[in-house]
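K.L.:
Submitted below is the structure of interest, expressed as structure tokens.
The values are calculated or read from the model by the stated rules, or taken from the named source; none is laboratory data. This structure is a prediction, so every number in the text was calculated from the model and none was measured. Cβ placement follows ideal geometry from the backbone for every residue including glycine, while neighbour counts extend to all protein chains displayed.
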Amino acid sequence: MSLHLYSHPFASFCQKALVALYENATPFEAHLVDLGDEAGRAAFQAIWPMGKMPVLRDEARDLTIPEATIMIEYLDQRYRGAVRFLPDDPDQAWRVRLRDRFYDLHVQEPMQKIVADRLRPADSKDPFGVEAARMQLRTAYGWIEQDMAGKTWAMGEAFSLADCAAAPALFYADLVEPFGEGRSVASAYLARLKARPSFARVVEEAAYFMPFFPKG
Ligand SMILES: N[C@@H](CCC(=O)N[C@@H](CS)C(=O)NCC(=O)O)C(=O)O
């Protein structure tokens with residue numbers, strides 16, 4: 001097996017990479033990363049010193065590929081399947097990348113900020129930062145409501161890198177800052193993502209860990 005994925009099924013950026021791998025049934029060996037375990041963290045940091053998951057190793061080419069977006073681009077180039085994550089057309093490609101950045105920076109990041117705050121000790125909370133993150137999410141939902149109008153996937157009919165990014169980002173964001181009234185387009189998009197077999201499998205594999213999701 002050439003491809004080795006270092007990840008955790010509950011981690012949102014790992015889920016993004018898993019969606020891409022499952023979309024094309026790309027064969028890979030999964031390695032569970034336990035950052036809570038000192039030896040596990042050290043072993044993982046020997047592969048990628050930044051210690052952020054997911055990381056892909058392509059043993060056949062002796063390459064280490066961190067960053068979920070870059071990993072998916074790599075899969076699209078080197079392990080291409082029926083689903084193309086980045087279109088060849090440059091004008092379509094930058095639109096995909098824009099949406100990938102959007103879901104990482106404006107949905108995943110504030111969502112992670114809120115989740116991380118729930119894990120902080122009571123005397124180290126950051127209510128100001130959490131409120132700013134909530135506002136950022138609400139603004140992002142407004143943009144999604146317009147951007148997704150009339151579309152099945154982020155780029156229309158073709159599933160892409162942008163949808164790999166959107167699936168876990170929206171799944172967890174809706175848990176910490178529910179879409180609420182007036183976000184029917186975003187809600188319907190998330191429902192389609194949850195029904196997509198690749199992401200449904202990801203959610204099923206994470207189900208064991210869901211009771212550990214920190215409550216607000
Ligand atoms: N920019 C990275 C972010 C990866 C990331 O934040 N991963 C989280 C899990 S979802 C992580 O490894 N967190 C562990 C830590 O921060 O110690 C990517 O897109 O892959």
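K.L.:
Among the candidates ARG118, ARG99, ARG84, single out the residue that is surrounded by fewer than 18 Cβ atoms within 10 Å (Cβ to Cβ) and under 28 Å from TYR74 (Cβ atoms).
P.N.:
ARG84
K.L.:
For region 70-87, indicate whether the set of residues that are of a type outside the set (A, V, I, L, M, F, W, C), within 14 Å of the ligand (Cβ to nearest atom) and modelled with pLDDT of 95 or more is non-empty.
P.N.:
yes
K.L.:
Now, a different point. Between ALA60, ALA116, which is within 29 Å of GLN136 (Cβ to Cβ) and not β-branched (Val, Ile, Thr)?
P.N.:
Step by step, each of ALA60, ALA116 is checked, and only ALA116 is within 29 Å of GLN136 (Cβ to Cβ) and not β-branched (Val, Ile, Thr).
K.L.:
In addition: Only one of (1) touching a residue at least 40 places away in the same chain (Cβ under 8 Å); (2) touching a helix residue (DSSP H, G or I) at 6+ places or on another chain (Cβ under 8 Å); (3) surrounded by 14 or more Cβ atoms within 10 Å (Cβ to Cβ) fails for LEU193. Which number is that?
P.N.:
(1)
K.L.:
Only residues that are away from the ligand (no atom under 11 Å from the Cβ) and crowded, with 22+ Cβ neighbours inside 10 Å: list them for region 6-57, please.
P.N.:
Residues satisfying the conditions are LEU18, VAL19, ALA20, LEU21, GLU23.
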